[in-house]
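We did not get these values from a lab; they are worked out from the coordinates using the rules stated. Quick caveat: nothing in here was measured; it's all calculated off a predicted structure. Here Cβ is always computed from backbone atoms with ideal geometry, including for glycine, and neighbour counts include all displayed protein chains.
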Amino acid sequence: MQCPILIVTSLYGYGFCDHWDTGGHFQRLLAYARRAYDLNGHRRHQRYEAHASELRIFGLAIVPGLMQTEAYTRALFTAARSKQVEKQVALRLARQEALFRPDPPELWVLLDQAVLDRPIGGRRVMAEQLARLREITEMPNVIVRVVPRSVGAYFGLMGAFEVLTVEHGDVAYVEALGSGRLVLDIAEVRTFGKGFELIAAQALPEVPSRRLIERMMEYMRWPPRSTGESRATAA
């Protein structure tokens, strides 16, 4: 089944609005289609992801799927009340093979600080996840930077997204519950690319970001014993 946006774009491209005097009806349909959530968007995104030469990922609430540990992933799908937790975990972990292929993508990751200090699955699971994240920051094709809480309001609070560079250009992806929106329109993809740059302008440099990840990892392993002790979450 073809993606709705491709069908409507084709109709608009053939001049249906002008030829049939629809009063701009197909033009409006095109605007709606561009904003629709494609039920197959998630699968199509995974195919793009597996072959992308560059990935720019912004995570607002959780660690991006390519960087998740098995226990962290399982905790997420359990909390989401998935009826196929183990299948979902296996599929997500399989996606991570893209990072270890012979020609791995350049991976640029921006994370909101909230991603680091929410104990998904409990402190032990989260400490393991942060250790995994710390390990990934050492990969030569990966850069991870964190937007500290002290920044306040910034572009990224609008939601998580990805920009993927594939053979024919860039596409963007916005995940949603049970589906996702794959953005193919050039102008809209460019907007996501610009958004990524705006978020990057607010993020800590690479080394301070790594240190913050390490502090949160230690905090998850050995939290302060007294309530009066300051938390490691202060950037």
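A straight line joining the Cα centroids of the stretch 40-94 and the stretch 190-208 runs 22 Å.
Quick check: residue separation of SER82 and GLU70 times 0.36 nm, minus the Cα distance between them. What number comes out in nm?
2.8 nm
Rg/Rh for the stretch 28-157 (Cα atoms only, Rh after Kirkwood) is 0.98. Counting only Cα atoms, the stretch 93-235 measures 55, 36, 32 Å along its principal axes, largest extent leading. For the stretch 59-141, trypsin sites (Lys or Arg not before Pro) meeting the loop criterion (DSSP other than H, G, I, E, B) and having at most 15 other Cβ atoms within 10 Å: ARG81, LYS83.
Spin-label model, ALA90/ALA131: points 7 Å from Cα along the beta carbon direction are separated by 2.6 nm.
For the pair LEU157 and ALA114 in one chain, pulling the backbone fully straight at 0.36 nm per residue adds 14.4 nm over the alpha carbon distance.
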